[in-house]
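The values are calculated or read from the model by the stated rules, or taken from the named source; none is laboratory data. None of these values were measured; they are calculated from a predicted model. Quick reminder, even Gly has a Cβ in these numbers, built from the backbone with ideal geometry, and neighbours come from all protein chains shown. Protein only, heavy atoms only, side chains kept; ligands, DNA and RNA dropped before computing areas. Shrake-Rupley method; radii C 1.70, N 1.55, O 1.52, S 1.80 Å.
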Amino acid sequence: MTSWSTSIAVSSRSELERLSVALLKNEMPLSRPVRLLGVSLSSLHEGEQDESQLGLPI
């Protein structure tokens, strides 16, 4: 599989899940079963929170 980026901020967990499942479906049918699917977030910023970005409680 290859990496993929969005042009807009992911604003919810459900949106991240939807995007992840869509990426996997694009690879179907798979030659082998999937045991682990890794999803990562990047370009996270500290500071004043914009309404379009998801707040992650730590």
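Tabulated data for the structure shown
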| read-out | value |
| --- | --- |
| Unique match (being at pLDDT 75 or above, in a loop (DSSP other than H, G, I, E, B), out of contact with any Ser or Thr (no Cβ under 6 Å at 6 or more places or on another chain) and surrounded by fewer than 10 Cβ atoms within 10 Å (Cβ to Cβ)) among Ser14, Ser40 | Ser40 |
| Residues (loosely packed, with under 10 Cβ neighbours inside 10 Å and assigned to a loop (DSSP other than H, G, I, E, B)) located in the range 17-33 | Met28, Pro29, Leu30, Ser31, Arg32, Pro33 |
| Odd one out for Ser52, checked against (1) open to solvent by less than 100 Å² (accessible area, probe 1.4 Å); (2) modelled with pLDDT of 80 or more | (2) |
| Pair list, Cβ under 9 Å, 6 or more apart: the range 1-22 residue aliphatic (A, V, I, L, M), other residue at pLDDT 85 or above and surrounded by 12 or more Cβ atoms within 10 Å (Cβ to Cβ) | Val10/Leu16; Val10/Leu19 |
